[in-house]
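The values are calculated or read from the model by the stated rules, or taken from the named source; none is laboratory data. Because the structure is a prediction, the values reported are computed rather than measured. Positions of Cβ are generated from backbone atoms using ideal geometry, with glycine treated the same way; all protein chains shown enter the neighbour counts.
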Amino acid sequence: MFVELNNLLNTTPDRAEQGKLTLLCDAKTDGSFLVHHFLSFYLKANCKVCFVALIQSFSHYSIVGQKLGVSLTMARERGQLVFLEGLKSAVDVVFQAQKEPHPLQFLREANAGNLKPLFEFVREALKPIDSGEARWTYPVLLVDDLSVLLSLGMGAVAVLDFIHYCRATVCWELKGNMVVLVHDSGDAEDEENDILLNGLSHQSHLILRAEGLATGFCRDVHGQLRILWRRPSQPTVHRDQSFTYQYKIQDKSVSFFAKGMSPAVL
Amino acid sequence: MAAAATCGSVAASTGSAVATASKNNVTSFQRRGRRASGTNDSGPRLVSITGTRPSVRNGQLLVSTGLPALDQLLGGGLAVGTVLLIEEDKYNIYSPLLFKYFLAEGIVNGHTLLVASAKEDPANILQELPAPLLDDKCKKEFDEDVYNHKTPESNIKMKIAWRYQLLPKMEQIGPVSSSRFGHYYDASKRMPQELIEASNWHGFFLPEKISSTLKVEPCSLTPGYTKLLQFIQNIIYEEGFDGSNPQKKQRNILRIGIQNLGSPLWGDDICCAENGGNSHSLTKFLYVLRGLLRTSLSACIITMPTHLIQNKAIIARVTTLSDIVVGLESFIGSERETNPLYKDYHGLIHIRQIPRLNNLICDESDVKDLAFKLKRKLFTIEMCWPPHYSWIHPANYLLRALILLFPLPRTMQIKITTIMSYPSNWCIF
């Protein structure tokens, strides 16, 4: 996890809020550093994490996790991390007929189905064990990323339904957190993606939006991060708080600074 | 990525000049040969595959794309397990060249090839591969060729940069391995027949395969894509590139080349209609292909006619599902053909995306305005003025003169272009 980002979000692994949906969004840049941040954050907070990783392999997250101070292999071995590796599972599903329902079963179907098997998988992974002792603090669901589900033939409504079911189970019933990543296609006129993004923006408590700089590529400032706090359940008496920072990604951390205050410029 | 992960740990244990992630207070530099555990047993064998080298940044195993100039821009080469997507130029003249360079590099290094096309028989594609320039004699010959070619006009151009006229054009960054990484090819000559026959290659020609009775699994992909995926998966399993076949111990790279993916010849209609019935076929194919590649020792090049795809959303999705995306824009038929700024070049090359693999950052080149030109023996990529520049302010020459008149040591030479680059729409006056 990035300590500077924790300071900006005013949170630490010990006293993070529960029952929240965080939306990560990237436009014209790569926002995957935020996924790595939240993965290591919740593992350090001793939460039970279910990670639906659709876009990269396990070793990718594992190697970056090591740089951030968590070991995904060990977390998986001791049961703290349930990892669904989308790429490997897709190969299994497409080339071999599965006997039991598989979370990515929709890949075999001709028309757009629903994500019920995936939801069942998540529910099974995060359900509290009735052994009496509470090993983990609260469950967390991480999805990287939802836009891939649209590319695989799912409709935006099916994905929104899946998130709704997950929210009801993870956030409300189990008092856990959810973090999902969606790409913002910008001017690519991807209607399904826009429906998904807008729908999720209205439901989430915290939106982190990583954008590329409007002026183009820069070696010292990799992008801009907009943080937006929302209270979707309560009527908004005060305006939603929003902050903007610029960031530079380094080998093991990300440094944040106010707009125009990059160390390279000062 | 299994291959990269073991390679990452291998790089740490062999003490090479690659700094990988260090655990708490344990340095990742270890003496060669100290670790003898089972997982690192395959280490030396992985590193010793011909035609590969570990990346300087994170120990990732890289293969050459066949163009040393492009390798430099991509941070050393194409990572094993990833897809290089080439967005074809409008008349499909230069993208087949990059495709052929990739395959020719595979033959020269002894890699296994898998060539898939819906238009041309793979055997014909292999016959048309360019001949490699293999010995040092040829390299000296090509250096002279470039030098002689450059001298008449370069006397005018290199007036300010005259000290750099004497230095060779190509600078290799990164560790120089003993066996050559990245070869040069002569586009006017054909690859010798004996090299092609000695290589191990598999061809997938769609018109032949579509009529045969391969078992087709139910899937919503177009039949052409389904057959191609099954073919690739078959080769990977049969020849042991994913390590799952107990009989086959493969220590070689599989180079997959797919030509004109997405064109109507593959049975896909994304180039014909805006909201066709098969709009998810291509993206599903790319996703499953990515899954196959990440779990095997293979690298893939795909050329795609993105300028024909009607729905821009599909292009955005395809870009997300590919690792490296390079766009070619040739000047033929456009108004830039007569633009004096571009008289030496054949087109622009856009590096649209570079992956961040096993890392938070990637090796992005600072130079965003690149042009290519094809000479007989060389496909060069150079920095050029951004397209929207219509005139060159004299201050630019002055700036260049100030920096270039004071010669920097050779190791800094490659940085000249990066010092002079700036965000693409920043104009200096």
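Scoring A:His205 on the criteria (1) over 14 Å from the mean Cα position of the chain (by Cα); (2) in contact (Cβ under 8 Å) with a residue 24 or more places away in the chain leaves a single failure, condition (1).
If you check B:Asp121 against the conditions, is it at pLDDT below 90 and exposed (fewer than 15 other Cβ atoms within 10 Å of the Cβ)? Against the criterion (at pLDDT below 90 and exposed (fewer than 15 other Cβ atoms within 10 Å of the Cβ)), B:Asp121 does not qualify. For B:Val115, the test of being modelled with pLDDT of 80 or more, crowded, with 17+ Cβ neighbours inside 10 Å and outside any loop (DSSP other than H, G, I, E, B) is passed. Going by what's in this entry, would A:Ile195 be described as within 14 Å of another protein chain (Cβ to nearest Cβ) and either more than 15 Å from A:Thr22 (Cβ to Cβ) or buried (at least 17 other Cβ atoms within 10 Å of the Cβ) (or both)? Considered against the rule, which asks whether it is within 14 Å of another protein chain (Cβ to nearest Cβ) and either more than 15 Å from A:Thr22 (Cβ to Cβ) or buried (at least 17 other Cβ atoms within 10 Å of the Cβ) (or both), A:Ile195 comes out as yes.
Restricting A:Gly153, A:Gly216 to residues that are within 14 Å of chain B (Cβ to nearest Cβ), over 20 Å from A:Phe2 (Cβ atoms), surrounded by 20 or more Cβ atoms within 10 Å (Cβ to Cβ) and not acidic (Asp, Glu) narrows the list to A:Gly153.
Restricting to segment B:76-90, what's the tally of residues that are under 18 Å from B:Phe379 (Cα atoms) and more than 9 Å from the chain's Cα centre (by Cα)? Number of matching residues: 4.
All conditions but one from (1) without any contact (Cβ under 8 Å) to a residue 60 or more places away in the chain; (2) at the interface with chain B (Cβ under 9 Å from one of its Cβ atoms) apply to A:Val148; the one that does not is (1). If only residues of segment B:230-248 that are within 27 Å of the chain's Cα centre (by Cα) and assigned to a loop (DSSP other than H, G, I, E, B) are counted, the one that is modelled with the lowest pLDDT is B:Gly243. Within the bounds of segment B:250-272, is there any residue that is within 25 Å of A:Lys88 (Cα to Cα), surrounded by fewer than 16 Cβ atoms within 10 Å (Cβ to Cβ) and over 19 Å from the mean Cα position of the chain (by Cα)? Taking every residue of segment B:250-272 in turn, at least one turns out to be within 25 Å of A:Lys88 (Cα to Cα), surrounded by fewer than 16 Cβ atoms within 10 Å (Cβ to Cβ) and over 19 Å from the mean Cα position of the chain (by Cα).
Do we find a residue being out of contact with any helix residue (DSSP H, G or I) (no Cβ under 8 Å at 6 or more places or on another chain), of a type in the set (Asp, Glu) and either surrounded by 17 or more Cβ atoms within 10 Å (Cβ to Cβ) or at pLDDT 90 or above (or both) anywhere in segment B:137-148? Scanning segment B:137-148 turns up no residue that is out of contact with any helix residue (DSSP H, G or I) (no Cβ under 8 Å at 6 or more places or on another chain), of a type in the set (Asp, Glu) and either surrounded by 17 or more Cβ atoms within 10 Å (Cβ to Cβ) or at pLDDT 90 or above (or both). Of the residues making up segment B:287-301, just one is within 25 Å of B:Ala104 (Cα to Cα), within 8 Å of chain A (Cβ to nearest Cβ) and hydrophobic (A, V, I, L, M, F, W, C), namely B:Leu292. Based on what the data block shows, is A:Leu118 modelled with pLDDT of 95 or more and buried (at least 17 other Cβ atoms within 10 Å of the Cβ)? Judged against the criteria, A:Leu118 is not a match.
Just checking, does segment B:32-44 include any residue being within 24 Å of B:Gly182 (Cβ to Cβ), surrounded by fewer than 19 Cβ atoms within 10 Å (Cβ to Cβ) and either in contact with an Asp or Glu (Cβ under 8 Å, 6 or more places away or on another chain) or modelled with pLDDT under 95 (or both)? Yes - at least one qualifying residue is present in segment B:32-44. Of all the listed residues (B:Ile253, B:Ile210), the sole one being away from chain A (no Cβ under 14 Å) and modelled with pLDDT under 85 is B:Ile210.
Of the numbered criteria (1) touching a helix residue (DSSP H, G or I) at 6+ places or on another chain (Cβ under 9 Å); (2) away from every other protein chain (no Cβ under 14 Å), the one A:Phe121 fails is (1). Of (1) within 13 Å of chain B (Cβ to nearest Cβ); (2) among the acidic types (Asp, Glu); (3) more than 20 Å from B:Ile315 (Cα to Cα), A:Asp130 satisfies all except one. Which? Result: A:Asp130 fails condition (1) only.
Reported count of residues in segment A:164-181, each being at negative phi and either surrounded by fewer than 23 Cβ atoms within 10 Å (Cβ to Cβ) or without any contact (Cβ under 8 Å) to a residue 60 or more places away in the chain (or both), is 11. Taking segment B:311-379 as the region of interest, the strands (runs of 3 or more DSSP E) fully inside it that hold 2 or more residues being within 14 Å of chain A (Cβ to nearest Cβ) are B:324-330, B:347-353.
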